[in-house]
Structure formats: structure tokens, C-alpha cells
Amino acid sequence: EHELELTFLHHGRQESISFRSKPVGVRFKTRRPMIVSDVVPGGHAEQLGVKLGMELIAIGAMEITDIAPLKALKMLRVACETLPRTDLPPWSRSDGGDGTWASARTPMASEGSCGDATSGAI
């Protein structure tokens, strides 16, 4: 069984979370530090306890705090491609910017993908 362990820093505490399927359902800011900027409601990340504001500090055993954010995102996408796909609905942030979510096809939850090259979504 494949899994992807991500380690986060949140309120001064390290927390490792193991993902077992994609889409992961999280978006990161594409600058240092890599902070969770969006979590898909009801998605895999939310179910496992990922919260806005958590800082991604490691992918598996590799610490990423000194790696360029776009390189770290590429590493993250490569790692998550090994995860089996679930049949979660494809969610995306609404255009209103009001924090609501609407059904739509996006890189955050596209078929067989863990996001695109620059959006910060997996």
C-alpha cells in the first residue's frame, strides 16, 4: 500500500500526516515558508486534520525548508502520483473569493493528477 507522509509545523508543534489516496485536496503558497492556503472541504487533507496556516516542512524523510518552493511542489507532485485515486468530487474555490467552494474541474483534483506546475495545489 502506497502512502505519502507529509510533516507540518503548526503552532510550534511538528505533525506527520500520512496520505493514502489522491487527490490530496490542499493548496500551498508558492513561496517560503510553504503554508497551506486552501483545504478542500470534505477532502482527504481535511479528513486527516490538515488546516489552513500549517507549514509544510518535510516530504517523507526529506526536509524541504531550504528547497525552492516550486521545486518542492514538483517533488510533492511526483511523490503523490504513486497514490491510488479516490472518487472524491472535483472541488474548486468559487470565483467570489468568499471562502465557498463549488464543483468544477481544477488542477487541485483533476483526474490522475496531483496539480499543475505553478498553482501550489495537490
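Look at E55 and say whether it is open to solvent by 30 Å² or more (accessible area, probe 1.4 Å), under 12 Å from R27 (Cα atoms), at pLDDT 90 or above and among the charged types (D, E, K, R).
So E55 passes the test.
Condition first: among the basic types (K, R) and outside any loop (DSSP other than H, G, I, E, B). Now tell me which residues in the range 9-26 satisfy that.
Matches in the range 9-26: R13, K22.
Got a number for residues in the range 15-26 being modelled with pLDDT of 95 or more and open to solvent by 50 Å² or more (accessible area, probe 1.4 Å)?
Summing the residues that are modelled with pLDDT of 95 or more and open to solvent by 50 Å² or more (accessible area, probe 1.4 Å) in the range 15-26 gives 2.
Taking the condition under 13 Å from G120 (Cα atoms) and either surrounded by fewer than 14 Cβ atoms within 10 Å (Cβ to Cβ) or at pLDDT below 95 (or both), does V36 pass? Lay out the reasoning, then the answer.
Values: under 13 Å from G120 (Cα atoms): yes; either surrounded by fewer than 14 Cβ atoms within 10 Å (Cβ to Cβ) or at pLDDT below 95 (or both): no.
So V36 fails the test.
The values are calculated or read from the model by the stated rules, or taken from the named source; none is laboratory data. In this text the structure is predicted, and so the values were computed from the model without any measurement. Note that we place each Cβ from the backbone using ideal geometry, even for glycine, and neighbour counts take in every protein chain shown. What goes into the accessible areas is simple: the full protein's heavy atoms, side chains included, and nothing from ligands, DNA or RNA. Shrake-Rupley method; radii C 1.70, N 1.55, O 1.52, S 1.80 Å.
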